[in-house]
Amino acid sequence: MNIGIVCYPTFGGSGVLATELGKALADKGYGIHFITYQQPVRLTGFSANIFYHEVRVPSYPLFDFPPYETALASTLVDVVKNNNVDLLHVHYAIPHASAAFMAKQILADEKINVPFITTLHGTDITLVGRDKTYAPVVTFSLNKSDAITAVSDNLRKETLEHFNIQKEISVIHNFVDITRFAVKPMDVFKKVIAPNGEKVILHASNFRKVKRIADVIYTFNKIQKAIPSKLLLVGDGPERHMAEELCRELGIFEETRFVGKQQDMEDIYAIADLFLLPSEYESFGLAALEAMAAGTPVVATNAGGIPEIITHNKNGFLSEIGDVESMSQHAISLLGNDNMLKAFSSAARKQAETFDIHNIVPQYESLYEKVLKSNR
Ligand code: GMT
């Protein structure tokens, strides 16, 4: 089977998930065609079954806003026709679902039938998609999708609550390749970040408002007063500057390290003692799952789909959004008790195993079969 995958190629969770899915499917023998405006960041290495098609958006003096959606739809038509693509799987509704619908209609005129599946990831529903500017197109293109999936029960519920969706939405959770995140000793690297044996607290995200980066800093500020620790911040985005300023203001800049966007997240999770995720909303929280796969317990908010991965007081802790006091107390109790930290670490890893690639990817494969069967 040949599958066209459309995603954002950046460090966002939807792009990471889509790329990991494509790589896993290629390993199983599917022909995978990534169609996007840039090589996806996690699409490294060579695979005979993976193809990458760049969407070119020619500029013209008339265009203040180059029409990406039109360029994407045309590229989809071209890729489907020239590569015998059987189905399209688009990640993040905007504008991928409507571009796929347009491509499907164009191809239907030429007697080519190509179904498309839309996977909802989060802000495409909870933030951007809900904006009146986009909502009618999002609703229409979801209803025109041949199948819809959401990455958590919570996101499914949010979608049904805020959009008039006539189709079934299947939940297929995010996944992780547990073997890649095997707990491994990284003593030399850890010493660079924490030279005196301090605990390493990690946060990784795209530094958007929804991540509540200030809460990461305030929580860490309280932790480091009780437990010798360092804060490692991975990623970049609109809140990064504010975060650096806040660290200086609080006098903890020397205890923090901003390392920007990173590729080898496995190595970074491996040196962390604790992961902080104080988000306003997470449809799922892929970064938390990857941390847990590396045996790093997570202190997070109980927002969105996070409670679908973290069980409070067993493999991590959950607090109300903005409750910095509670998050820091949970972190201090965990970091100050080595036995508890060990127990939480193995419970976190065990929980991550339930979201292993081998359990989740077959759910997408069954859906592909089902959609193709009902389109024959
Ligand atoms: O909004 C983001 O942080 C990025 C976003 C994306 O779509 O790129 O991530 C979302 O998708 C991930 C993969 O499915 C989920 O694990 C994240 O929880 C989700 N982010 C939010 O809902 C805020």
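Each reported figure results from applying straightforward, stated rules to the coordinates on display, with no laboratory input. Here the structure is a predicted model, which is why all the values come from computation and not from measurement. Heads up, the Cβs are rebuilt from the backbone with ideal geometry, glycines too, and the neighbour counts pull from every protein chain shown.
So what are the three principal axis dimensions of region 1-103 from its Cα atoms, in whole Å, longest to shortest?
Over region 1-103, Cα extents along the principal axes are 45, 29, 22 Å.
By per-residue mean of other Cβ atoms within 10 Å, what is the highest-first order of 129-141, 208-220, 312-324? Please report the intermediate quantities before stating the final value.
On the way: 129-141: 15.8, 208-220: 22.2, 312-324: 17.5.
Averaged packing, sorted descending, gives the order 208-220, 312-324, 129-141.
With each pseudo-label sitting 7 Å past Cα toward Cβ, what's the Ala108-Gln166 distance in nm, one decimal?
According to this spin-label approximation, the distance is 1.3 nm.
What do you get for the angle between helix 240-249 and the principal long axis of the chain? Use alpha-carbon atoms, 0 to 90 degrees, nearest ten.
10 degrees
Rounded to whole Å and ordered largest first, report the semi-axes of the equivalent ellipsoid of the chain derived from its Cα gyration tensor (root of 5λ).
Result for the chain: semi-axes of 38, 21, 20 Å.
For region 178-353, what does the relative contact order come out to in percent, with C-alpha contacts under 8 Å and a separation of six or more?
Values: 329 pairs, mean separation 42.3, N = 176.
About 24 percent, as a whole number.
To the nearest 0.05, how large is the calculated FRET efficiency for Gln262 and Arg376 if R₀ is 45 Å and r is the Cβ-Cβ distance? Intermediate results must be reported in sequence, preceding the final value.
Values: r = 44 Å, r/R0 = 0.98.
So the FRET efficiency works out to roughly 0.55.
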